[in-house]
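Presented below is the structure to which this report refers.
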């Protein structure tokens, strides 16, 4: 289990690659973002995106899954107070293979609750050409190993 104390500035968590399948793009878009370029290959080719493309929200959800698998799923995470920013840099197309990382930018104990701290991450997803497709910064609330108690 990873606790607040394990998230020191500069620590990097690499993501395992994930292949993006057309069927997954269409399934996500059908439920959450039913725009033509996310539902139909031909409509995607006619768009400025150049092919069947994942919704930015889908890309963000994939990034969240990658983060869970890389470290968050084995941490004492208590959720997030929000995202500072999310930039979708390039389209994610069917057939792309995404990888990436989360980097600890800063960590600070809570001043109002002894048992938790805030860890700020910069996360980046890249495609198989090592082009950034999504970049974000967000903080996560993580329990402290000692509950914030000091001897």
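Where a number appears in this text, it was derived from the coordinates with a stated rule and is not lab data. Values in this document were obtained by computation on a predicted structure and should not be read as measured data. Glycine also receives a Cβ, built like all others from the backbone with ideal geometry; neighbour counts cover every protein chain displayed.
Arranged from highest to lowest average of other beta-carbon atoms within 10 Å per residue, in what order do the peptides 51-62, 123-134 appear?
So the order, starting with the most tightly packed, is 51-62, 123-134.
If contacts are Cα pairs under 8 angstrom and at least 6 residues apart, what is the relative contact order of the chain in percent?
Value for the chain: 30 percent.
Decide, for segment 1-72, between rounded, prolate and oblate: order the square roots of the alpha carbon gyration tensor eigenvalues as a ≥ b ≥ c, take rounded if a/c falls under 1.5, and otherwise choose prolate if a/b is larger than b/c, else oblate.
It comes out prolate by the Cα gyration axes.
Taking Rh as the Kirkwood radius, which is the inverse of the mean 1/r over Cα pairs, what is the Rg/Rh value for segment 4-143?
1.04
Expressed as an acute angle from 0 to 90° and rounded to the nearest 10, what is the orientation of the C-alpha long axis of helix 22-32 relative to the principal long axis of the chain?
The angle comes out at about 70 degrees.
Using a simple spin-label model with points 7 Å from Cα along the Cα→Cβ vector, what separation in nm is obtained for residue 32 and residue 12?
2.7 nm
Compute the FRET efficiency between residue 132 and residue 111 as 1/(1 + (r/R0)^6), taking r as their Cβ-Cβ distance and R0 = 30 Å, and round to the nearest 0.05.
Efficiency, rounded to the nearest 0.05: 0.30.
What FRET efficiency comes out for residue 69 versus residue 42 if R0 is 30 angstrom and r is the Cβ-Cβ distance? Round to the nearest 0.05.
Details: r = 33 Å, r/R0 = 1.11.
So, using R0 = 30 Å, E works out to roughly 0.35.
Rounded to the nearest 500, what is the 222 nm mean residue ellipticity of the chain from helices alone, with -39500 (n - 2.57) per DSSP H run of 4+ residues and division by all residues? The partial results should precede the final answer.
Numbers: 4 runs with 36 residues, N = 151.
Computed mean residue ellipticity for the chain: -6500 deg cm²/dmol.
On a 0 to 90° scale, report how tilted helix 56-70 is relative to the longest principal axis of the chain, with both axes built from alpha carbons and the result rounded to the nearest 10.
Rounded to the nearest ten degrees, it is 40.
Between residue 24 and residue 86, what is the spin-label point distance in nm, taking each point 7 Å from the Cα along the Cα→C-beta axis?
Taking the simple label geometry, residue 24 and residue 86 are separated by 1.7 nm.
What is the gain in length, in nm to one decimal, between residue 99 and residue 146 on full extension, counting 0.36 nm per residue of separation less the C-alpha to C-alpha distance?
Contour length minus the Cα-Cα distance gives 13.6 nm.
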